[in-house]
């Protein structure tokens, strides 16, 4: 007499189901594991090529490489440069690729490849320490020109951002006053802007951007202007004054350090080529899984062999769910509770039609042989054992005959679990003797029907994808099965069975 | 296809398979009591202490080598029934009515040799008919001779009376008559006729075979309308006592009426079927709820039966 309240039970089920769905959603968002199996994601493959003339002495080449570029996520990077020692060094928050060789002579070419995934959520991180403007010293007559231009720009602006915009506008050739011409004629334009802004007490630096376009070769970096507005670094186009980074521009270098240093070589230069690829989103998620917080829940780290076993194993709960539904809610009678699931698993290996044919053939031949066994008056255990051996004979015979006749599918019969087949035959045979052929037919077709339903559910690509990549969804399946365990309503078949009760209403 | 809407079923108060399992069997039947009813040998012993009679036990075959004793003793018996102690749904029960020289005559009239019976015993011991396929023992009981008033309705086989007992109260009853379709067995799903019996009087209400209403027995051709069970109250009390004996809150009690011994308990069932509702043309749920609502349950079987007869009687 356990009349417990069902509220805690339903609450627990609710928790199970929400936990499953929440975890799956979190992993989808965090790891980017796609809901659907076919989803594709773009990936940029960039190649930096460093050329220089070696002087027959020790060579050290050092290239600034992307470090957490805004708008992108780093997927992988590697260097291809035979004969060179290679390492990636972090130096004061700035990542550099370094090649070294004891002696090199003549034309040298080094490659550095990087794979990047567009990711809008990645923005420029605020620096740990607030940058201070550099002290700049100008000589006359530039000093006067700079002072005047900065004063003009300051008058028209209120914030570091607007100051920068106004300054860039004033520096454009169409506004060219005498002052600007004097300045621009001298030095590098972007460096000039940086110096002027620093002079105006605004921390500024240059950054090198790369316009990403599919299948381009020999591209050069474009300078961008970055200023610090007190909170974070902002990017400006030094020509137009436009704020923000244009789409598909990768900031290859952000810190104020050199792009390429070569010791022991001359005439060094860098050029870039790029290519856009699409890879399955799933593959992308797998590559990144190990590095991520929720990645430990994934099965991707397991050896491939175990992974493929889990792929099968994780489909079983789905089959169990189907069986529970068919028996509890629909009311289909099956021979043996979970025999249909095991048969369905075999169908997944054999594919449906050959599997069905093989299964029916084995059971039918087995039933005939069992008829003879029953007249031998054997003890149950030895009868079942004999039946198992007979089943193995039958499957062997079907495989051999099928192969000789040119049906390779005949061999798939070996995927059926032999013990289950033997028990199925035994049960069917007793059912036949006790309840007649009709009941055998009813339970046999019921079992096959449930097995086919389970097979259809388990072989759907989406089912395989979701169960393997979101194992936590099994919490939802568990919740549903528990919920069905409390279903006290009528089965669908009972509506037909109790039909004569209509007369008594 | 003929369907009935679930709303209509709910209105009638039909107990469904799922509700029976969750709300009644799981809630009122304790697991530890199951072996008492799933093992006919244990049932016999435990109900005897509560004054409930069962058919006389002739022999218990526990081991393979004891089968040879069976051969010696069988010759002395007039008629007997071989049953697996842990069998369910009447599976594995062989009824021998008489001997014909070397052969034994089954209830169906078929003749079998002693070898066949021995093989049957050995199958029972191996667990072929037991609930989980576990090794079993075979019991041999004296043959029940049904009283002619009831026996004439049944085609072969012994008619038995199934009473559903809920917390010691008889809530529904039916008479089960074997037919040719059921091969002399009294199981409704095998084709036996079920005749609903009024709890208040023991009179027949209506009858079904294969879940469809009938008025005449398909084999004997007898009208099933004005059938009445003698000593009805005594039988209900006997069934009600099994509640004290086993502690099972929801069970089916199968009784037979023997010519010489009177009412006998055939077996108990911890998972009684739902077909009894069809035979009665009534749902079980309203009656079960009526019993659940009782604030002060009655303590003696007699008081419970009296209450149930007045509450669930259809006539008067």
### Task
Could you tell me the distance between the Cα centroids of region B:275-316 and region A:34-80, to the nearest Å?
83 Å
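Taking every residue in A:433-439, how many Cβ atoms of other protein chains lie within 10 Å of its Cβ, on average? Working shown, then result.
Values: counts 0, 8, 6, 4, 0, 0, 2.
Across A:433-439, the average partner-chain Cβ count within 10 Å equals 3.
Per residue of B:4-11, how many C-beta atoms from partner chains lie within 10 Å of its own C-beta, taken as a mean? List each step's numbers first, then the result.
Numbers: counts 11, 3, 7, 0, 6, 9, 2, 1.
Mean inter-chain Cβ contacts per residue within 10 Å come to 5.
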### Query
When averaged across all projection directions, what area in nm² does the alpha-carbon convex hull of region B:57-142 cover?
4.9 nm²
### Message
Along the Cα→Cβ direction, 7 angstrom out, place labels at residue B:21 and residue B:295. What is the inter-label distance in nm?
### Response
3.7 nm
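Given the alpha-carbon gyration tensor of the protein assembly as shown, what are the semi-axes of its equivalent ellipsoid in whole angstrom, ordered largest first, with each equal to the square root of 5 times an eigenvalue? Kindly include the intermediate steps, with their values, before the conclusion.
Working: eigenvalues 1562, 220, 81 Å².
Over the Cα atoms of the protein assembly as shown, the ellipsoid semi-axes are 88, 33, 20 Å.
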### Summary
quick shape note, region A:142-255: Cα extents on principal axes in Å, largest first -> 47, 32, 22
### Summary
The computed P(r) of chain B puts the percent of Cα pairs beyond 33 Å at 23 percent
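Based only on other Cβ atoms within 10 Å, what is the fewest-to-most ordering of B:99, B:152, A:129? Write out the running numbers ahead of the final one.
Working: B:99 16, B:152 12, A:129 6.
Neighbour counts put them in this order, fewest first: A:129, B:152, B:99.
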### Query
In degrees from 0 to 90, rounded to the nearest 10, what is the angle of the helix B:232-246 Cα long axis to the longest principal axis of chain B?
80 degrees
### Task
Please give the FRET efficiency for residue B:10 paired with residue A:201, using the beta carbon to beta carbon distance and R0 = 60 Å, rounded to the nearest 0.05.
0.15
#### Entry: Within chain A, helix-based [θ] at 222 nm, where runs of 4 or more DSSP H residues each add -39,500 (n - 2.57), nearest 500
-14500 deg cm²/dmol
### Message
Please rank A:53, A:305, fewest neighbouring Cβ atoms within 10 Å first, as an exposure proxy.
### Response
A:305, A:53
### Query
Which angle between 0 and 90 degrees, to the nearest 10, do you get for helix B:301-312 versus the longest principal axis of chain B when only C-alpha atoms count?
50 degrees
#### Entry: Among B:51-60, A:317-326, the order from most to least packed when residues are scored by Cβ within 10 Å on average
A:317-326, B:51-60
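How high is the FRET efficiency from residue A:302 to residue A:89, r the C-beta distance, R0 51 Å, rounded to 0.05?
On the way: r = 34 Å, r/R0 = 0.66.
Efficiency, from the Cβ-Cβ distance: 0.95.
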### Query
What list do you get for B:197, A:316 if you sort them by fewest beta carbons within 10 Å?
A:316, B:197
#### Entry: region A:3-37 residues near the modelled residue A:482 label - backbone nitrogen below 14 Å, point 7 Å along Cα→Cβ
A:6-21
#### Entry: FRET efficiency, 1/(1 + (r/R0)^6) with R0 30 Å, evaluated for residue A:169 and residue A:258 via beta carbons
0.55
### Query
Based on the Kirkwood radius over alpha-carbon pairs, what is the Stokes-Einstein translational diffusion coefficient of region A:1-90 at 10 °C with 1.306 mPa s viscosity, in µm²/s?
81 µm²/s
### Summary
Rounded to whole angstrom, the alpha-carbon centroid of region A:427-476 lies from that of region B:116-195 at a distance of 32 Å
### Query
Using helices alone, what [θ] at 222 nm do you get for chain B, with -39,500 (n - 2.57) per DSSP H run of 4 or more residues, divided over all residues and rounded to the nearest 500?
-8000 deg cm²/dmol
### Task
Evaluate the distance, in nm, between pseudo-label points positioned 7 Å from the Cα of residue B:223 and of residue B:78 along their respective Cα→Cβ axes.
3.4 nm
### Message
Please list, in order, the residues from region A:264-279 whose amide nitrogen is less than 13 Å from a point placed 7 Å along the Cα→Cβ vector of residue A:215.
### Response
A:274-277
### Summary
Everything considered on the Cα gyration tensor (a ≥ b ≥ c; rounded for a/c under 1.5, else prolate if a/b is larger than b/c, else oblate), region A:336-456 must be described as oblate
## Note on the structure
The alpha-carbon center of region A:361-390 and that of region A:110-174 are separated, in whole Å, by 89 Å
### Task
For peptide A:482-492, compute the average count of partner chain beta-carbon atoms within 10 Å of each residue's beta-carbon.
4
### Task
Give the angle, between 0 and 90 degrees and rounded to the nearest 10, that separates the Cα long axis of helix A:142-155 from the longest principal axis of the Cα atoms of chain A.
50 degrees
### Message
Modelling each spin label as a point 7 Å along the Cα-to-Cβ direction, I'd like the residue B:108/residue A:493 distance in nm, to one decimal.
### Response
2.4 nm
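Throughout, read-outs are computed from the coordinates displayed, never taken from laboratory work. Since we're looking at a predicted model, the values are computed, not measured. No Cβ is skipped: glycine too gets one built from the backbone with ideal geometry, and neighbour counts run over all protein chains shown.
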